[in-house]
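Before any comments, here is the structure.
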Amino acid sequence: MAFSFHHARLPNGLTVIAEVDPSAHTAASGFFVKTGARDEDPVVMGVSHFLEHMMFKGTEELTADDINRAFDDRGAKNNAYTTTEMTCFYAQCLPEHLSHVNMMLAKMLRPALRNSDFDTEKGVILEEIAMYRDNPFWVLYEEAVARYYGEHRLGHRVLGTSETITALQRDLMLGYFRSRYSADNTVVALAGKMDFDECVKQITDLCGGWQVTGAARDSARPAAQRGEFTLRDAKVSRAYMIAMAPGPAIDDERRYAAALLAQILGASDNSRLHWSIIETGIAEEAQASFDARDGTGEYIIYASGDPERADEIWSHTQRELDGLIGSITQDDLERLRNKFATAATLGGERPHDRMHRLGRLWLHLGEYRPLERELDRINAVTLDELRDVYKAFPIRPTMVGRLLPA
């Protein structure tokens with residue numbers, strides 16, 4: 001591929017990075033802010049996600065309708081998301097509309113935060129929280145994460161709770177915005193066909209006056225809490241089980257081996273759990289994942305099925321966990337390498353996907369890692385590396401939870 005990397009840092013600390021491809025037919029832009037649920041005080045839990053919504057409500061000069069039409073009239077696809085680690089506002093478009101997309105994203109990120117919009121959107125957020133309470137997996141997942149991380153803010157719910165959102169005041173949101181949405185806490189990632197120097201000049205004009213706050217984050221590894229719990233709900237008819245265990249952090253090279261281990265254990269097809277309890281009809285769902293974060297990481301194992309078979313499902317899951325590292329062969333490793341390489345290469349052909357990858361990695365690591373280098377690193381993972389990461393992080397669940405019918 002003809003991508004070339006470019007990097008600029010504005011005097012106020014805002015970083016602009018890009019993978020430029022003159023042959024691309026599209027372009028993509030994303031404003032990545034290093035703030036999420038883990039950066040919130042407990043009393044304002046959910047404020048990052050709430051702020052994401054407020055960015056679409058308008059600025060002092062633009063209404064919400066103006067913003068929607070500005071993207072739609074040029075055929076741009078735009079959206080945003082909030083996680084524990086970050087908030088991202090992005091759009092993809094034809095290259096000739098990239099400057100307009102950059103302008104609209106930059107303007108959005110300096111919202112009016114009107115009291116009337118705040119009050120209206122609070123109701124929307126509360127409805128969203130209520131909607132997720134009807135999702136059994138989400139209910140169990142949020143409870144497990146909160147218990148696993150204990151007092152640490154990584155246990156915060158991204159949406160917040162009904163209590164924290166109801167109590168949240170507009171001025172508290174404004175204070176959070178001013179401290180976290182600063183130039184030195186923001187990365188603009190671009191990919192596709194563009195004139196990078198022109199983009200930097202434009203972003204400097206748009207964002208050069210943004211303040212510097214020295215926003216920071218505690219990235220020390222929190223202690224993984226231990227325990228078991230059972231929730232009961234009259235609305236559910238199946239049994240849902242979840243387990244969490246410590247894993248490598250995002251700046252740990254062992255994360256590549258950890259990601260492969262999780263796939264061998266619980267990918268959606270051709271994994272240990274799939275063949276053990278899905279194909280045999282013991283469970284209806286079974287999967288495992290690995291998530292690397294700033295300073296820490298975790299494995300999550302999840303399964304669901306007939307409540308009468310809950311103990312059987314978990315017994316088989318535990319058996320696969322116990323026998324995982326001893327069962328892995330070179331063929332397993334080769335198969336997973338090929339799957340990762342295919343998925344990464346397909347994504348690498350789209351500027352939109354490359355922009356997201358570029359922004360997330362820079363926000364976490366502060367450096368550029370070409371896709372080709374990442375693929376080489378995945379292909380270089382050995383059986384010994386899998387054994388080493390398993391020895392350091394043996395996927396022994398420290399928090400186990402169940403959601404069962406009342």
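The table below lists the values:
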item	result
Selection count, region 55-80, where residues are touching a residue at least 40 places away in the same chain (Cβ under 8 Å), under 27 Å from PRO351 (Cα atoms) and surrounded by 19 or more Cβ atoms within 10 Å (Cβ to Cβ)	2
ARG350 being among the basic types (Lys, Arg) and surrounded by 15 or more Cβ atoms within 10 Å (Cβ to Cβ)	yes
Considering residues of region 228-245 that are at pLDDT 95 or above and basic (Lys, Arg) only, the residue surrounded by the fewest Cβ atoms within 10 Å (Cβ to Cβ)	ARG232
Any chance ASP311 is of a type in the set (Asp, Glu), modelled with pLDDT of 95 or more and more than 15 Å from TYR149 (Cα to Cα)	yes
Lone qualifier among TYR149, TYR90 - being within 30 Å of ALA223 (Cβ to Cβ), hydroxyl-bearing (Ser, Thr, Tyr), under 20 Å from the mean Cα position of the chain (by Cα) and at pLDDT 95 or above	TYR149
MET104, sole failed condition from (1) crowded, with 16+ Cβ neighbours inside 10 Å; (2) in contact (Cβ under 8 Å) with a residue 60 or more places away in the chain; (3) out of contact with any His (no Cβ under 6 Å at 6 or more places or on another chain)	(2)
Test: residue in region 155-166 that is under 18 Å from the mean Cα position of the chain (by Cα), part of a helix (DSSP H, G or I) and not aromatic (Phe, Trp, Tyr)	yes
Candidates PRO42, PRO22, PRO11 - the one that is within 24 Å of the chain's Cα centre (by Cα) and either free of Cβ contacts under 8 Å to residues at least 24 places away in the same chain or more than 17 Å from MET104 (Cβ to Cβ) (or both)	PRO42
Pick from region 358-386, criterion modelled with pLDDT of 95 or more, of a type in the set (D, E, K, R) and surrounded by 15 or more Cβ atoms within 10 Å (Cβ to Cβ), ranking: farthest from ASP184 (Cα to Cα)	GLU385
Residue match in region 316-338 (condition: within 30 Å of VAL20 (Cβ to Cβ), surrounded by fewer than 16 Cβ atoms within 10 Å (Cβ to Cβ) and assigned by TED's automatic domain parsing to the domain that holds SER271)	yes
Test for GLU298: is it part of a helix (DSSP H, G or I), of a type in the set (Asp, Glu) and touching a residue at least 24 places away in the same chain (Cβ under 8 Å)	no
Any hit, region 85-92, residues being surrounded by fewer than 19 Cβ atoms within 10 Å (Cβ to Cβ) and more than 14 Å from GLY46 (Cβ to Cβ)	no
Which listed residue is more than 16 Å from LEU333 (Cβ to Cβ), buried (at least 19 other Cβ atoms within 10 Å of the Cβ) and in contact (Cβ under 8 Å) with a residue 40 or more places away in the chain, from ARG293, ARG254, ARG272	ARG293
Whichever residue in region 143-199 is hydroxyl-bearing (Ser, Thr, Tyr) and surrounded by fewer than 21 Cβ atoms within 10 Å (Cβ to Cβ) and, among such residues, is nearest to ILE242 (Cα to Cα)	THR161
Filter result for GLN287 (assigned by TED's automatic domain parsing to the domain that holds GLU367, part of a helix (DSSP H, G or I) and either at pLDDT 95 or above or touching a helix residue (DSSP H, G or I) at 6+ places or on another chain (Cβ under 9 Å) (or both))	no
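For every residue, the table says whether it meets (1) assigned to a strand (DSSP E or B); (2) farther than 30 Å from GLY123 by Cα.
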| residue | (1), (2) |
| --- | --- |
| GLY175 | no, no |
| SER219 | no, yes |
| THR230 | yes, yes |
| ASP251 | no, yes |
| ASP269 | no, yes |
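The values are calculated or read from the model by the stated rules, or taken from the named source; none is laboratory data. Predicted, not measured: the structure shown is a model, and the values here were computed from it. Cβ atoms come from the backbone with ideal geometry, glycine included; neighbour counts cover every protein chain shown.
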